[in-house]
Amino acid sequence: MSTLACIGLFAAVVATWIAVSGPGEAALVGAGTVAARGEEQIASILAIAFLGTFAGSLAAYWIGRAGGRRLLLRPGPLLAWRVRLLARSGSLIQRRAFLASLLGPGWLAGINEIPSRPFIAGSALSGLLWTLTIGLGAFFAGPSLIQLYDDVGKWTSIAALTAGATVAAVILLRRSRSGSGAAAPPDRSAS
């Protein structure tokens with residue numbers, strides 16, 4: 001795997017783990033599929049992806065810790081609701097810090113100031129499970145899905161595009177007929 005590809009995979013995974021959703025899944029699926037073809041080693045891909053999950057989660061934690069609470073408590077719409085939400089969720093998240101770190105995003109742990117030990121343990125386990133599920137899933141299922149697409153997918157895609165174009169043409173044709181064929185409103189003054 002080239003240095004640029006490693007950096008790209010790492011950056012995509014970090015971006016995904018800082019935000020709620022991102023390009024990390026697609027990058028890991030692509031890398032796992034390439035590894036399944038024998039072009040790369042799956043172990044190095046999984047290690048890079050895991051390090052990306054951990055780095056992204058830590059960055060999100062510190063972003064949430066540095067400014068998340070201030071952002072939530074800023075004056076504006078729904079301030080009273082946000083204050084209640086923060087108070088209610090904070091006590092639950094503090095009691096279940098490991099589970100909150102395992103199942104929630106890093107910024108949520110940072111906003112609620114979860115201690116570092118349960119956060120690191122939960123975040124590391126979450127990143128490991130994500131990496132293994134997506135990376136190994138692409139490694140084992142990727143080639144068969146690509147072969148299935150090569151066999152069936154092209155014709156299915158062509159059929160779906162043709163059906164979509166036909167439906168769009170019928171809708172446009174109906175709209176143009178209903179717009180041009182509309183008669184003038186009847187004259188009500190004669191009655």
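Every number here is computed from the coordinates shown, using simple stated rules; none is lab data. Because the structure is predicted, anything quoted here is derived from the model rather than measured. Positions of Cβ are backbone-derived with ideal geometry, glycine not excepted, and every protein chain shown enters the neighbour counts.
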When the chain is treated as a Gaussian network with springs between alpha carbons less than 10 Å apart, the largest mean-square fluctuation among ALA26, ALA165, ALA47 is found at ALA165
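If I stretch the segment between ARG88 and TRP155 completely, what's the gain in nm (0.36 nm per residue apart, minus their alpha carbon distance), one decimal?
On the way: separation 67, 0.36 × 67 = 24.12 nm, distance 5.29 nm.
Extra length available between ARG88 and TRP155 comes to 18.8 nm.
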Under the Karplus relation 6.51 cos²θ - 1.76 cosθ + 1.60, θ = phi - 60°, what is the ordered set of whole-Hz ³J(HN,Hα) values for the stretch 31-47, x standing for Gly and Pro? 5, x, 5, 4, 5, 5, 6, x, 8, 9, 8, 5, 4, 5, 5, 5, 5
Specify which labelled value, from (i) 17.2; (ii) 18.4; (iii) 20.6, agrees with Kirkwood radius over Cα pairs in Å derived from the coordinates of the model shown. (iii)
Any chance you could check the Cα centroid distance between the stretch 65-86 and the stretch 91-134 for me, in angstrom? 21
The chain - mean residue ellipticity at 222 nm from DSSP helices (-39,500 (n - 2.57) per run, n ≥ 4, rounded to 500): -25000 deg cm²/dmol
The helix 79-95 Cα axis meets the longest alpha-carbon principal axis of the chain at an angle in degrees, between 0 and 90 and rounded to 10, of 40
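Just need the relative contact order of the chain here, percent rounded to a whole number, with Cα pairs under 8 Å and 6+ apart.
24
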Simple spin-label estimate for ILE171/GLN41, 7 Å along Cα→Cβ, in nm, reads 5.1
Taking Cα atoms, the helix 116-148 axis meets the longest principal axis of the chain at an angle in degrees (rounded to 10) of 50
